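What follows is one structure encoded as structure tokens, with my remarks underneath.
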Amino acid sequence: MKRKIGIIGAMEIEVDSLKKEITISRILSKAGMEFNEGTLGNTDVVVVKSGICKVNAALCVQILVDDFEVTHIINTGAAGSLDAKIDIGDFVVSTDAVYHDVDATVFGYKKGEIPQTGRLEFPADKWMIEMIKKAADTAKISGKLWDGRVCSGDQFISENSVKDKIKKEFDGLCTEMEGCGIAQACFLNEIPFVILRAISDKADGSDIMDYPEFEKKAARDCAALTEAFIKNIE
């Protein structure tokens, strides 16, 4: 089966670099999103800005599945570090994704567990994880690549107390606002996925004034690593 990779970024800055590299054959506007279908090298791809938050991200996956019949999905973008060893400029590739803001514990569920599903975490595709690691060896990036859990919620985390609570409850490496929505939608559609995040802040408010600049670098680096990933799978 020929692969067709859906590449999702939350913001325009995260997809602009990739759009410049692909040969676009079709553009579809749907649900407020612009889907750019084409080829990157010899690989069929669809590049799209989902918009911020879990609902936008999940809706984006469903359109990629229904309208473009993608076979794999990669989510790129920026994230806040939850671990002291992970610095700004480093990367996290997901082993799995969880919701840090889902809480039905009053009914006996675990924190983060989606009621009536028995599902807390959504595992990423092992082959895609390994291909991201190989891409890190060839892409022109300066940061280290870590593999671990991505924690998602509809919050920009900027307080140490909140950060520490998420780390304690879920033992994740980074926090952001879309990944687990993508992971759950991929799980339900039986589509392999991986989340790749460049660390743009420490999730504690310490670098908030410099965040726009860090975010730009994170987006560029994610695009470079994603492009290397696509070329390697050819």
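Report the extension gain between T23 and K111 in nm, rounded to one decimal, defined as 0.36 nm multiplied by the number of residues separating them, less their alpha carbon distance.
Details: separation 88, 0.36 × 88 = 31.68 nm, distance 4.38 nm.
Separation in residues times 0.36 nm, less the Cα-Cα distance, equals 27.3 nm.
Residues E37, E176, E121 in ascending order of nearby Cβ atoms (within 10 Å, fewest first): E121, E37, E176. Counting neighbouring beta carbons within 10 Å and listing from fewest to most, the residues S94, S142, S81, S158 come out as S142, S158, S81, S94.
When the label point is put 7 Å from the Cα of T71 along its Cα-to-beta-carbon vector, which residues of the stretch 24-61 have a backbone N closer than 16 Å? Only 38-46 fall inside the zone, counting backbone N under 16 Å.
In terms of overall dimensions, the C-alpha atoms belonging to the stretch 4-233 reach 49, 39, 31 Å along their principal axes, ordered largest to smallest. Remark: the chain carries a charge dipole of roughly 400 debye about the Cα centre, counting +1 on each Lys and Arg Cβ and -1 on each Asp and Glu Cβ. Charges were assigned to the Cβ only: +1 to each Lys and Arg, -1 to each Asp and Glu. The resulting dipole of the stretch 152-199 about its Cα centre is roughly 160 debye. Measuring against 21 Å, Cα to Cα, the residue pairs K4/K126; K126/K231; K165/K202; K30/K216; K133/K202; K110/K165 contain K30/K216; K133/K202 as the ones spanning a longer distance. Each peptide in 192-198, 14-20 receives the mean, over its residues, of other Cβ atoms within 10 Å, and ordering these scores from highest gives 192-198, 14-20. Taken as Cα centroids, the stretch 46-121 and the stretch 125-178 sit 10 Å apart, rounded to the nearest whole angstrom.
To the nearest 20 debye, what is the magnitude of the charge dipole of the stretch 1-64 about its Cα centre, counting +1 on the Cβ of each Lys and Arg and -1 on the Cβ of each Asp and Glu? Kindly include the intermediate steps, with their values, before the conclusion.
Details: 9 positive and 7 negative charges, 48 e Å.
About 240 debye.
Only helices enter the 222 nm calculation for the chain: every DSSP H run of n ≥ 4 contributes -39,500 (n - 2.57), and dividing by all residues gives -11500 deg cm²/dmol, rounded to 500. Looking at G6, H100, Q184, which one has the Cα that reaches farthest to the positive end of the dipole of the chain (charges on Cβ: Lys, Arg +1; Asp, Glu -1)? With unit charges placed on the Cβ atoms, the residue in question is G6. Between the helical axis of 126-138 and the longest alpha-carbon principal axis of the chain there is an angle of about 70 degrees.
Taking the 0 to 90 degree range and rounding to the nearest ten, how far is the long axis of helix 179-189 tilted relative to the main principal axis of the chain, both from C-alpha atoms? Approximately 60 degrees, to the nearest 10. Relative to the longest principal Cα axis of the chain, at what angle does helix 160-170 sit, 0 to 90 degrees, rounded to 10? Compared with the principal axis, the helix lies near 80 degrees.
Placing +1 on the Cβ of each Lys and Arg and -1 on the Cβ of each Asp and Glu in the stretch 72-156, which of A136, S152, A78 has its Cα farthest towards the positive end of the resulting dipole? Ranked along the dipole, the leading option is A136. Label positions at E12 and A31, each projected 7 Å from the Cα along the C-beta direction, are separated by 2.1 nm.
Here the stretch 4-233 carries DSSP beta bridges of which approximately 40% are antiparallel, counting only pairs with both residues inside. Approximating the spin labels as points 7 Å out from Cα along Cα→Cβ, the W127-to-D171 distance works out to 2.9 nm.
Bear in mind that the values in this text are calculations on the coordinates, not laboratory data. Nothing here was measured: the structure is a model prediction, and the numbers come from that model. Heads up, the Cβs are rebuilt from the backbone with ideal geometry, glycines too, and the neighbour counts pull from every protein chain shown.
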